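The values are calculated or read from the model by the stated rules, or taken from the named source; none is laboratory data. Because the structure is a prediction, the values reported are computed rather than measured. Neighbour counts are summed over all protein chains in view; Cβ atoms, including those assigned to glycine, are modelled from backbone coordinates with ideal geometry.
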Amino acid sequence: MLKEYQTGQIRNVVIVGHSSTGKSTLLDAMLYAGGKIDKIGNPQDGTLTSDFDEEEKKRHMSIKSGMGFVEFEDVKINIIDTPGLADFVGEVRAGLQVAEAAIILVDSSEGVQIETEKVYRYISENKIPSIFFINKMDKERADYFSALQNIKAKLNANTMPLAIPIGESNSFSGLVDILKMKAVTLKGDGKDVQVSAIPDNLTDTAEEYKMMMTELSAEGDDALIEKFLDGGALTDDEVLKGIRSLLCQAKVAPVVCGSAIKATGVKTLLEIIKNFVPAPAIGQQFKGHNPNDASKEVVVESLPDKYFSAIVWKTNIDQYAGRFNYMKVISGQLLPDSELLNTTKNARERVSKLYTIIGNKQYDIPNLSCGDIGIVVKLEKTSTGDTLCDPKHSVVLPIIKLPHPVFSYAIETPNKADEDKVSQVFHKITDENPTINFSFNAETKETVLAGMGEMQLDIILKSIAEKNKIEIKTRVPRIAYKETITKKAESQYKHKKQSGGHGQYGEVYIRVAPLKRGQGFEFKDSIVGGVIPRQYIPGVEKGLREGLDEGVLAKFPLVDIWVELYYGSYHDVDSSEMSFKIAGRNALKLAVEAAGPQLLEPIMEVTVYVDKEFTGDILNDITSRRGRVLGMGGGEDGGSSSVKANVPLAEMLKYSIDLRSITSGKGSFEMKFSHYDPISGKIAEKVIEERLKHLEEEANK
C-alpha cells in the first residue's frame with residue numbers, strides 16, 4: 001500500500017496538446033523516470049500505459065483520458081493524459097477542471113498546432129497555470145528557439161524558458177537547466193541524470209536566459225520588484241518564490257524541452273512541477289447547491305477537516321472489473337469502508353477500497369486527502385459529473401462542465417431484436433462519456449446519437465458493430481419542425497352519428513388566437529347556461545390537445561395557440577365525452593386552417609471560436625446559413641475571437657465538418673437550443689414537401 005499524502009504534498013497536472021505531439025509517451029516517460037514502469041511504451045506497438053483500450057491500440061492514438069502517478073521526492077504527482085483530437089474535447093475539459101496546472105506539449109519541428117491553439121484558448125480564458133514542454137528535440141528539423149518564438153506568436157503566451165537544449169535533432173543530448181545553471185544529461189538507463197558544467201558554446205545563451213528569468217521572476221512579488229529595481233540581486237530562493245507566484249496566478253508559463261521517448265528533460269520537468277505547480281488550494285471556496293432546492297446556494301470550503309465531498313470527473317466501465325469512478329476530493333478526506341451519498345442521483349453508495357491508478361493497474365491507498373485524485377470501483381449508480389459526499393452534509397457541486405454535443409446521427413437497427421441490446425450498450429457509453437447523448441426524439445420518431453464530432457461517433461459505432469455483432473444504420477436526423485397560427489379565427493363542428501341504439505352527438509364552437517412564442521397551449525372554458533354540460537367539457541379539452549399533435553400544413557405538432565370554447569350543443573341521450581372529444585379535435589383543425597397556419601423551425605444559439613483571420617469568413621458563412629449575428633468578442637492583439645449567432649438547426653447538421661474546412665481545422669463551436677422562428681416561402685414549401693413524402697413512405701411500409 002502506498003504512503004499517505006497530505007494536501008500540500010499533492011500536485012495534479014494534465015497533459016494536453018495536438019495529436020501526435022507525444023502526450024501519452026510523456027506520461028510513460030514521467031512514470032519511467034519516477035520508477036513506476038520499467039520501459040517507455042510505443043504507440044505503434046500498442047504498449048503505452050494510458051492507451052490500454054483495444055480501439056486505442058488499433059488506431060495508435062488516445063480516444064480517452066488516462067492517468068498515472070509519480071512519487072517524486074516528498075510529493076505525489078497525479079498525471080492525467082488526454083487525447084489530442086477535437087472530437088474528444090470532453091476528456092480534455094474534464095481533466096483541466098480537476099488539475100492545478102496543464103503541461104502543454106509542442107512538437108519541436110511543427111510548432112504550435114491547431115488543437116494546441118484551441119486548448120490554450122480555454123486554458124487562458126480560465127487562468128489555468130501552464131508549463132510548455134517542447135518535445136521531440138531529437139527529431140529531424142527540431143528547432144527549440146523557433147518553437148519558442150512560435151508559442152509566443154501564435155498563443156500570445158508570456159513564456160519563461162527554464163531550459164535550453166544541448167544540440168538539436170541527431171545531436172540532441174540533454175539540456176541546460178537555467179535554474180541550476182548546469183547541464184543535465186541522461187545517465188545509465190535514463191532513469192537518472194548526470195549534472196555537469198554548461199558547455200562553453202552555450203554559456204552566453206544560458207546567462208542571457210538566466211537574466212531574463214530573474215527579471216521576470218521579480219514581477220511575482222511587490223517586494224521583489226522593489227528590490228530588483230533598487231539594484232539588489234535576487235537570491236535563488238527569491239527567484240523560485242517569484243516564479244511560483246507568477247505560475248500560480250497564470251501570469252507566466254515556464255518552458256522546458258526534451259525527448260519523451262528517451263526520457264530526456266523529464267526529470268527537470270518533474271522538478272518544475274514539484275517546485276512551482278500549486279498544491280490544491282486550501283480554503284478555496286466552491287459554490288454548490290442544496291440537493292433538494294437548486295436555488296439554495298451551498299458553499300464548500302476546500303479544507304481537510306471539513307465534511308467529505310468529491311466530484312467524479314471520469315467514469316470507465318470495464319466489462320470484467322466493472323465501473324471505475326475517478327474522483328477529486330474537494331473537502332475533507334475519504335477512508336475505506338465509507339458510506340457516501342450521491343447527491344446528483346440521490347443514491348447511497350458504499351466505498352470498500354480506495355485506489356490510485358497507472359493506466360489500468362490499481363494501487364491500494366490508505367485514504368484520499370483533500371485535493372487528491374483517486375479511484376473507487378463498483379459504485380452502482382455513480383457516473384461522470386456526479387457529486388459524492390458525507391450524508392450528514394449534502395451538496396451538489398456542478399464543477400465538471402462539459403461541452404454540449406454538436407454532431408448527430410439518427411440510427412436504426414434493421415434487426416428489431418437488437419434494439420434492446422443497442423439501448424443497453426449506448427446507456428453504458430453515455431455513463432462513461434457525458435459528451436455523448438443517446439435518446440429517442442418523440443417529435444421526429446427517431447433514435448438519435450449525438451456527440452462532439454463525426455470521428456467520435458464513427459469510432460463508437462464501429463466498435464459496437466465489431467464487439468456486439470450488431471448492424472447499425474445511420475442517417476442525417478430529421479428536424480423537429482412545428483406549426484402555429486398567425487391570426488384569430490373561429491370554427492364550429494358538430495359530430496353526429498347514428499348507427500342503431502345510442503348515437504353520438506357533440507357540437508362545439510371555438511375561437512383560436514396565437515400566443516407568444518414558447519407559451520405552448522392555453523384552453524379557456526367560456527361555456528355559460530349549460531349549453532354543454534360540465535361533464536363533457538374535459539372531453540373537448542382532450543380533443544383539442546389531441547389535435548395539437550398534427551398541424552394542417554405537414555402534420556407537425558401545433559404550438560403557441562390559445563383556444564376558447566364559447567358555445568355548443570348536446571343531446572340528452574346521444575352525447576358523451578367521446579363525442580365531444582371528436583368534435584373538439586375536428587373544430588381545432590378547421591379553426592387552424594382559417595387562422596393563417598405557419599411553419600416554425602428550431603433556432604440554435606451558436607458560438608464560434610476562431611482566429612481573427614477567419615472572422616470574416618465565419619460571418620459570411622453564418623449569413624449564408626440564414627443566421628443572425630448577435631455579437632462578437634475577443635480578437636485583440638491578433639488573438640482568437642468569438643462570434644455569437646442564432647442559426648436554424650437545419651443549417652447546422654454538418655457544421656462541425658464545414659467549420660473544419662473553413663478554418664483549416666482551427667475553429668471550434670458550441671451550440672444549444674434557443675427558440676423557434678417562423679419560416680415561409682420556398683424553404684417552407686420544401687420542408688412540407690419532404691415531410692408529406694416521408695409520411696407517405698411510412699404509411700406504405
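Taking region 216-253 as the range and being without any contact (Cβ under 8 Å) to a residue 24 or more places away in the chain, over 15 Å from L179 (Cα atoms) and crowded, with 18+ Cβ neighbours inside 10 Å as the test, the residues that pass are L224, F228.
The set of residues in region 342-377 that are under 23 Å from Q284 (Cα atoms), without any contact (Cβ under 8 Å) to a residue 60 or more places away in the chain and surrounded by 22 or more Cβ atoms within 10 Å (Cβ to Cβ) comprises N342, T343, L368, G374. Against the criterion of being touching a Pro at 6+ places or on another chain (Cβ under 7 Å) and more than 16 Å from I485 (Cβ to Cβ), Y570 qualifies.
Somewhere in region 601-613, is a residue free of Cβ contacts under 8 Å to residues at least 40 places away in the same chain and farther than 19 Å from L558 by Cβ? It would help to see each step written out before you state the result.
Initial filter on region 601-613 (free of Cβ contacts under 8 Å to residues at least 40 places away in the same chain): 612-613.
Those still in the list that are farther than 19 Å from L558 by Cβ too: 612-613.
The answer is yes; a qualifying residue exists.
Among the residues of region 48-93, none is identified as free of Cβ contacts under 8 Å to residues at least 12 places away in the same chain and part of a strand (DSSP E or B).
Going through (1) assigned to a strand (DSSP E or B); (2) among the polar types (S, T, N, Q); (3) farther than 20 Å from A29 by Cα one by one, Q194 falls short only on (3). Filter region 340-364 for residues that are outside any strand (DSSP E or B) and more than 14 Å from V329 (Cα to Cα); which is nearest to the chain's Cα centre (by Cα)? Looking at residues that are outside any strand (DSSP E or B) and more than 14 Å from V329 (Cα to Cα), I get T344. Total residues in region 300-337 satisfying the condition of being within 16 Å of P391 (Cα to Cα) and hydrophobic (A, V, I, L, M, F, W, C): the figure is 8.
Evaluated against (1) closer than 20 Å to D53 by Cβ; (2) small (G, A, S); (3) modelled with pLDDT of 90 or more, A465 falls short on exactly one condition, (3).
If I ask for residues that are of a type in the set (S, T, Y) and within 15 Å of D318 (Cα to Cα), which ones from region 346-383 would you list? Even if it seems obvious, please write down each step before you answer.
Our first condition is that a residue be of a type in the set (S, T, Y); within region 346-383, this holds for 352, 355-356, 363, 369, 382-383.
Once the filter is applied, which keeps residues that are of a type in the set (S, T, Y) and within 15 Å of D318 (Cα to Cα), region 346-383 yields T382, S383.
Considering (1) more than 20 Å from E443 (Cα to Cα); (2) in contact (Cβ under 8 Å) with a residue 40 or more places away in the chain; (3) surrounded by fewer than 18 Cβ atoms within 10 Å (Cβ to Cβ); (4) among the charged types (D, E, K, R), the lone condition that K672 does not fulfil carries the number (1). Can you find a residue in region 630-640 that is crowded, with 22+ Cβ neighbours inside 10 Å and within 28 Å of T444 (Cβ to Cβ)? So far as region 630-640 goes, no, none of its residues is crowded, with 22+ Cβ neighbours inside 10 Å and within 28 Å of T444 (Cβ to Cβ). For T413, are the conditions met, namely being in contact (Cβ under 8 Å) with a residue 12 or more places away in the chain and outside the structural domain of R323 (by TED's automatic domain parsing)? It is true that T413 is in contact (Cβ under 8 Å) with a residue 12 or more places away in the chain and outside the structural domain of R323 (by TED's automatic domain parsing).
Among the residues of region 314-327, write down those that are assigned to a loop (DSSP other than H, G, I, E, B) and touching a residue at least 40 places away in the same chain (Cβ under 8 Å).
Narrowing region 314-327 to residues assigned to a loop (DSSP other than H, G, I, E, B): 319-321.
If the condition is that a residue be assigned to a loop (DSSP other than H, G, I, E, B) and touching a residue at least 40 places away in the same chain (Cβ under 8 Å), then A321 is the only one that fits.
Residues in region 221-240: is at least one at pLDDT below 95, within 23 Å of M30 (Cβ to Cβ), in a helix (DSSP H, G or I) and more than 31 Å from the chain's Cα centre (by Cα)? Yes, the conditions are met somewhere in region 221-240.
Scanning region 276-297 for residues that are modelled with pLDDT under 95 and either of a type in the set (V, I, T) or in a helix (DSSP H, G or I) (or both) yields a single hit, I282. No other residue among K542, K482, K445, K473 is under 26 Å from E698 (Cβ atoms), in contact with a Leu (Cβ under 7 Å, 6 or more places away or on another chain) and of a type outside the set (S, T, N, Q) apart from K482.
Annotation note: Cβ proximity below 6 Å between a residue of region 19-37 that is under 10 Å from L48 (Cα atoms) and a residue that is polar (S, T, N, Q) and part of a loop (DSSP other than H, G, I, E, B) (sequence gap 6+ or interchain) occurs for S24/S50; S24/S62; L27/S50; D28/T49.
Selection of region 405-444 for residues being within 16 Å of Q456 (Cβ to Cβ) and of a type in the set (V, I, T) yields V406, I411, V425, I429, T430, T435, I436.
Within region 468-475, is there a residue that is over 30 Å from Y567 (Cβ atoms), part of a helix (DSSP H, G or I) and modelled with pLDDT under 90? Explain how you work it out, then say what you get.
So the first thing to find is which residues in region 468-475 are over 30 Å from Y567 (Cβ atoms), and the list is 468-475.
When the remaining residues are screened for being part of a helix (DSSP H, G or I), the result is 468.
Now narrow it down to the ones that are modelled with pLDDT under 90: 468.
The answer is yes; a qualifying residue exists.
Here V528 fulfils each of the conditions (1) surrounded by fewer than 17 Cβ atoms within 10 Å (Cβ to Cβ); (2) over 44 Å from the mean Cα position of the chain (by Cα); (3) in a helix (DSSP H, G or I); (4) not small (G, A, S) apart from (3).
A quick yes/no check of all residues on (1) part of a strand (DSSP E or B); (2) assigned by TED's automatic domain parsing to the domain that holds V89; (3) at pLDDT below 95; (4) farther than 29 Å from V89 by Cα:
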site	(1), (2), (3), (4)
V312	yes, no, no, no
V329	yes, no, no, no
C370	no, no, no, no
I375	yes, no, no, no
S383	no, no, yes, no
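Looking for something within 32 Å of the chain's Cα centre (by Cα), surrounded by fewer than 14 Cβ atoms within 10 Å (Cβ to Cβ) and among the basic types (K, R) - is there at least one such residue anywhere in region 183-197? Checking region 183-197: not a single residue is within 32 Å of the chain's Cα centre (by Cα), surrounded by fewer than 14 Cβ atoms within 10 Å (Cβ to Cβ) and among the basic types (K, R). The set of residues in region 90-122 being under 23 Å from E613 (Cβ atoms), crowded, with 24+ Cβ neighbours inside 10 Å and β-branched (V, I, T) consists of I104, V106, T116, V119.
Does D53 fit the bill of being charged (D, E, K, R), buried (at least 16 other Cβ atoms within 10 Å of the Cβ) and either in the same structural domain as G258 (by TED's automatic domain parsing) or at pLDDT below 95 (or both)? Criteria met by D53. Scanning region 479-507 for residues that are within 57 Å of the chain's Cα centre (by Cα) and in a loop (DSSP other than H, G, I, E, B) gives I479, A480, Y481, I485, T486, K487, K488.
Tell me, yes or no, whether region 380-390 has at least one residue that is over 24 Å from the mean Cα position of the chain (by Cα) and among the hydrophobic types (A, V, I, L, M, F, W, C).
Here is the first cut: in region 380-390, the ones over 24 Å from the mean Cα position of the chain (by Cα) are 390.
Those still in the list that are among the hydrophobic types (A, V, I, L, M, F, W, C) too: none.
No, that holds for no residue.
Of all residues in region 663-688, exactly one satisfies the criterion of being closer than 18 Å to D621 by Cβ, among the hydroxyl-bearing types (S, T, Y) and assigned to a strand (DSSP E or B), namely S668.
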